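Structure first, commentary second.
None of the figures in this text is laboratory data; all of them are computed from the coordinates on show. Not measured: the values here are computed from a predicted model. Every residue, glycine among them, receives a Cβ derived from its backbone with ideal geometry; neighbour counts consider all protein chains shown.
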Amino acid sequence: MDPQDVARLQFAVTSSIHYMFVALTLGLVAIVVIVQTRWTITRQPLLERMTKFWGQLYVINYALGIVTGLVMEFQLGLNWAGLTSFSEVFGVGLAVETLTAFFLESVFLGLWIFGWGRLNRWVHLALIWLVAITAYLSAFWVLVANSFMQHPVGHTTVDGRMVVGDLTELLANPTLWTTLPHVVTASLTTGVFVVAGVSAYHLWRGTAATDFFIRSLRLAGWLAPVVAPLTVTFGLNQFPLILEEQPTKLVATQPELAAEQERRFVEQFGPDDYLPSATPLAVAEHLMFFIGLLLALLSIVTAFALIRRAIVRSRLLRPLLVVLVAAIPLPFVANASGWIFREYGRQPWAIYGVLRVDDAVSPGVSTGAMLTSLVLFTVLLATLAVINCALLIRHARRGPEGWLIGDPIDAYGEHRPLSERALALSGKDNAP
Amino acid sequence: MSWPLLWSIVLGCALVAYLLLEGYVVGMAVALPAIGPDTAGRNAVIAAIGRSFLGNEVLLVVIVGILLGAFPTLEGAVISGCYPVVLVLVTAVVLRDAALHMRRRLPHRRWQHGWEVVLVGASAALAAAWGAIGSLIYRALPVTGDGRLAIGLSELFAPFTIVCAAAAVLAVAVHGCLYAARVLDGDVAVRALQLSRRLGPLGVVAVLLVVATAVASRPVRLAAQQPALTVALLATVLVLLGLLTRYVARGAPTAALVCSGLALSVVLALVVATREPYLLVYLDAPIAGMTLADAAAEESTLRGLGWLLAPVLPVLVAARLWQARVIRPPVAGRVSWF
């Protein structure tokens, strides 16, 4: 195995794990923003419980987003030093992301977690809005860097290195602006279907908090028919640009155009294999597309089934709740497929038509060192991801009855959650 | 002022802030077994860590971000050059964060205790990795023919590297104890102050050991381009340690915390300033080292980055200061999330 194969595998594994949590972070924060805004205006206790319940899942999920993101950032220096030293433009997007968006997101999230009950409620509401805005800004700047790799614009060359030329051109990259709406709506779809699935689970089981979850399901069921079809539309909307800029990505569906582009690459860069293999691309593309259609369809059916609470009252429609629970993994599969299509389709280029992946790898790092980090990070992140998913499922299943983030604590012990006291008093295991 | 110099000042500020702020978070975790022997004590210490770490650890991401954007050559050289140590560093941060985020999510004793063990071990490994990376960056490093760093086992396990790694763990432990003594109260604060009293004199021993291994090592001697400045800064560190010990003996953790913070900053200044004009010094190579101009990105890149970030930097500082005000007192009457 060559070092670049190990480095590519490691990037694929870690970024796939990373993005699962990122997509849910972006989706859930929007739900928390909506619910907390309504709570702050109306002051309904049920909306406060909803804010805390979905906010708590958001925070648990955020933990893995940040640690996997850290691995991603260091990985660029560890394994891809060739990319960063050749193209300064790529690093600029990430630098701006960390400084403006990610730093503020973490600071505001800390304030939101610890601000419960001690900050003015409007200030506290402003904080979750700021968390959401900076989270989406983060996504924007990462996409600036990624879109540069797909379609390099806004740079000049100095001493054989790509440096920032026209900043406005870099930010006006058409690839960026066609991708951004798709990524945003896909993340919202992920969040909405998780909220719908968890709510449907509780409604199907008939747990106590029916009112709580029917309202949550209504919110998700109202948003889903907007965001799910839009995701498909924005996805399809990218194809004319891909045909124009990266025809080799469509080797599975447009082989003639891809071959024509390959001929141009051969003329320019000498004979080599310039096409990614068609099968994984076809699988990823079709998986993403059919899940997208399925979710769009499901969202519309669910919206109708929610009229007059028919989904819980009609025996005919109740199985739809099970379908919604079963649909929870689908947006995650579609997200992963989407990124495989986008990133694998870029091969063999790190920066399309400019820098080959082989030349982007850190020079001089041995295969052994790369294998060590591949095994280490894969085992570490996969284990943590499984534990975190188990925690998310456990908290989601428990519902809003236990202690939630920002709850007041009892008079008995300073740092004892309510559930622990309940455990001590009742002697049975109803703890989180 | 030139763009590379401006960006190196921003990077320096981020490094100092990271070392001081994350230093006490990591230090409190390293000292956890000693200052929180019972569950209530550990919960109090970890709640204090939890209030701070979200806003502090991001500085590491910010530092790497600045390196990626403004000093891509240095970033690639150091991170891929110090490959094994960076693996330890990243793994430690990941495990430390996981421990903090997951510990409180289940009420079971064994679950929580398991994550506490992970928290202490990962924090110690993180501090050791800082020390090791600092020592490697400081010394003269072997390079290959095409100018890449060639750090092997003999550099990783050099006495100087090992002593620096151990000294870093000790330094953050003292810093963390002093912070714990300042923000917490009751038995925990008393124990934290007692521990810092015992560790203070060890700090002087650590400095002497670092100096001894440095003098004995040719690559380290080669790197110190300005001996007078080196001696002056080392003397400052020792004076600060003396002051720290006196304040601790008087039971004044805040003044002692200022001393430990200053001492850490002086150590950082020593690593950077005494090797002017080089950021990295090469061992027996045709080129003497990597200067700021070699490390920095092109003028146009630095300017673009500057325009994008200039309006945001004051917001960053203001937001972080606001957070410091809000999180400082313990959250009475609310569930502690961490």
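Points to keep in mind about this one:
- Degrees between helix A:367-398 axis and first principal axis of chain A (Cα, 0 to 90, nearest 10): 20 degrees
- When +1 charges are put on Lys and Arg Cβ atoms and -1 charges on Asp and Glu Cβ atoms, the dipole computed for the stretch B:1-152 relative to its Cα centre reaches about 480 debye.
- Degrees between helix A:210-236 axis and first principal axis of chain A (Cα, 0 to 90, nearest 10): 20 degrees
- Normalising by residue count, the stretch A:68-198 has a Cα convex hull of 136 Å³ per residue.
- For chain A, the relative contact order comes to 24 percent (Cα pairs under 8 Å, sequence separation of at least 6).
- Shape of the stretch A:53-104 from the C-alpha gyration tensor: oblate (a/c of 1.5 or more and a/b not above b/c, with a ≥ b ≥ c the square roots of its eigenvalues).
- The shape of the stretch B:211-310 can be summarised by an equivalent ellipsoid whose semi-axes, obtained from the alpha carbon gyration tensor, come to 33, 23, 8 Å from longest to shortest.
- Dipole in debye (nearest 20) - the protein assembly as shown, about Cα centre, beta carbon charges: Lys, Arg +1; Asp, Glu -1: 3760 debye
- Within the protein assembly as shown, percent of DSSP bridges classed antiparallel, to nearest 5: 75 percent
- The stretch B:169-325: relative contact order in percent, alpha carbon pairs under 8 Å with at least 6 residues between: 20 percent
- Equivalent-ellipsoid semi-axes for the stretch A:1-140 (Cα gyration tensor, √(5λ), whole Å, largest first): 35, 15, 10.
- A quarter of the convex hull surface defined by the alpha-carbon atoms of the protein assembly as shown gives 33.1 nm² as the mean projection.
- Listed values for the stretch A:241-255 are Karplus-derived 3J(HN,Hα) couplings in whole Hz (6.51 cos²θ - 1.76 cosθ + 1.60, θ = phi - 60°), namely 5, 4, 4, 7, 9, 9, x, 5, 5, 9, 4, 6, 9, 10, x, and x replaces Gly and Pro.
- Computed from the alpha carbon positions, the gyration tensor of chain B leads to an equivalent ellipsoid with semi-axes of 34, 24, 19 Å, biggest first.
- Each listed q (0.15, 0.20 Å⁻¹) maps to a log10 I(q)/I(0) for the stretch B:1-131 from the Debye sum over equal C-alpha point scatterers, namely -0.74, -1.13.
- Amide H to amide H distances under 5 Å link residue A:155 with A:165, A:166, where only residues 5 or more positions off or on other chains count and H is placed in the peptide plane.
- Formal net charge of residues neighbouring residue A:44 (Cβ-Cβ distance under 12 Å; K, R +1; D, E -1): +2
- Only Lys, Arg (+1) and Asp, Glu (-1) charged, at Cβ; chain B dipole about Cα centre in debye: 1260 debye
- The residues A:60, A:66, B:79, when put in order of fewest to most other Cβ atoms within 10 Å, stand as A:60, A:66, B:79.
- In Hz, Karplus ³J(HN,Hα) per residue of the stretch B:60-74 (6.51, -1.76, 1.60; θ = phi - 60°; x = Gly, Pro): 5, 5, 5, 4, 5, x, 4, 4, 4, x, 9, 10, x, 5, 5
- Stokes-Einstein D in µm²/s, Kirkwood radius over Cα pairs - chain A at 20 °C with 1.002 mPa s viscosity: 92 µm²/s
- Averaged over the residues of peptide B:78-88, the number of Cβ atoms from other protein chains lying within 10 Å of each residue's Cβ is 6.
- Using only Cα coordinates, the Kirkwood hydrodynamic radius of the stretch A:1-66 works out to 13.7 Å.
- Chain B: angle of helix B:3-30 to the longest principal axis, Cα-based, in degrees nearest 10: 30 degrees
- Average partner coverage of A:341-353, which counts Cβ from other chains inside 10 Å: 0
- Chymotrypsin sites (Phe, Trp or Tyr not before Pro) lying in DSSP loop within the stretch B:144-249, provided at most 15 other Cβ fall within 10 Å: B:157
- Relative contact order of chain B, defined on C-alpha pairs under 8 angstrom at six or more residues apart (%): 25 percent
- Those trypsin sites (Lys or Arg not before Pro) in the stretch A:314-362 that DSSP places in a loop and that have at most 15 other beta carbons within 10 Å: A:315
- Amide H contacts under 5 Å for residue B:280, placed H, 5+ residues apart: B:290
- Shape analysis of the stretch A:159-313 yields a ratio of the Cα radius of gyration to the Kirkwood radius, Rg/Rh, of 1.16.
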